[in-house]
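These notes are about the structure you will find just below.
The values are calculated or read from the model by the stated rules, or taken from the named source; none is laboratory data. The structure presented is a predicted model; accordingly, all values stated were derived computationally and were not measured. All Cβ positions, even for glycine, are placed from backbone atoms using ideal geometry, and neighbour counts span all protein chains on display. Remember, those area values only see protein heavy atoms, side chains included, never the ligands or the DNA or RNA. Shrake-Rupley method; radii C 1.70, N 1.55, O 1.52, S 1.80 Å.
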Amino acid sequence: IFKHFLKSIKVLLPILLGALVGFLALVVQIKFGLEKCPLVVITLFAGFIVGGIPSLYSKVRGHESIKGFIGFIIALAFMVGTCFLVSKINFTSDDLLFNMNFGLFMYLVLAGFVISSALVMPGISGSMMLMVMGLYMAVLSIIKDNVFHFTNFSNAILVMIPLFIGVIVGFFLISFIMGKLLKKHEVGTYFVIVGLVIGSLGTIYYLNFEEIASTYNVIHIILSVTLFIVGFISTFLLDCYFKKKNVEVKESEVINETR
């Protein structure tokens, strides 16, 4: 982005706009779903993520090694371990709006950093990472009830500022680190990412166990299974489509070079 600013913005801007519009368009529905039927919404998220695992594993297939397996286990254990570290952390919107202090400000910066990591690292869900940090519902509530309706708007903006700071700093820093890792240790890096992805799935169900147990019924189970399949197929087909497009682009470049 520093060497080719305009070209980079041309690529990044529609992606960022799509992410922003998608988030704002679905924030009300997702908040409602997580309050009324968390099993259904979380399982839909899980389907989206699991649908990307075959693509991730294709990066390491045929290059399995002890080092890669160790990296996978460490990443998996790290994500599972977060269950015990953060299981008691669950912020409300009032906590963020009216009890802001330096420690909470820095925690929100860290959350923004984690979100940016999820944007850069393939297969990692920013929504799930916010759930793990106990912030997801609180942030959704603030956007829906305060930002959209201009209620305690200044307080809501003060909550958003550290998140954005973390996202911006993390995006550039993690992009730089991931670029180096993928150049020098591509296979090992993807083993670690697969471990993080699989571990995050178990973590999110564990952290929301009480909400799920108190709201689920047979209809929710049927919907969850159905939407898991829908989410899996959607991500899998998107991945296949973009792989095909990448092949076509590379073939076109080779043809042009030959000419």
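Couple of notes before you dig in:
- Solvent-accessible surface (1.4 Å probe) assigned to E186 amounts to roughly 90 Å².
- Modelled FRET efficiency - R0 22 Å, A25 with F172, Cβ distances, 0.05 increments: 0.20
- Put I177, I66, I212 in order of accessible area, highest first, and with a 1.4 Å probe you get I66, I177, I212.
- The slack between D94 and N217, meaning 0.36 nm per residue of separation minus the straight C-alpha distance, is 41.3 nm.
- Within the assembled protein chains, the solvent-accessible surface assigned to K180 is about 100 Å², based on a 1.4 Å probe.
- Three-way shape call for segment 135-243 based on the alpha-carbon gyration tensor, with the a/c threshold at 1.5: oblate
- Here the gap between V80 and H185, fully extended at 0.36 nm per residue and compared with their Cα-Cα distance, gives a gain of 35.4 nm.
- Top positive-direction residue, dipole computed over the chain with Cβ charges, set L223, F150, P122: P122
- The listed residues M137, M160, M128, once ranked by accessible area (1.4 Å probe) with the largest placed first, stand as M137, M160, M128.
- Take the Cα of I157, step 7 Å toward its Cβ, do the same at S65, and the gap between the two points is 5.2 nm.
- Summary of the geometry: segment 150-198 and segment 18-45, compared by the centres of their Cα atoms, lie 21 Å apart.
- Put D239, D145 in order of accessible area, highest first, and with a 1.4 Å probe you get D145, D239.
- Within straight-line cross-link reach of K10, lysines at Cα separation under 27 Å, skipping those fewer than 8 residues along the same chain: K180, K183, K243, K244, K245, K250
- Test item: Cα-centred dipole of the chain, Lys/Arg +1 and Asp/Glu -1 on Cβ, debye: 840 debye
- Residue (of I233, G134, V60) at the positive-pole extreme of the chain, dipole from beta-carbon charges: V60
- Full-stretch length increase - L237, Y206 - with 0.36 nm per residue and alpha-carbon distance subtracted: 8.3 nm
- The accessible area of H4, taken with all protein chains in place and a 1.4 Å probe, comes to roughly 120 Å².
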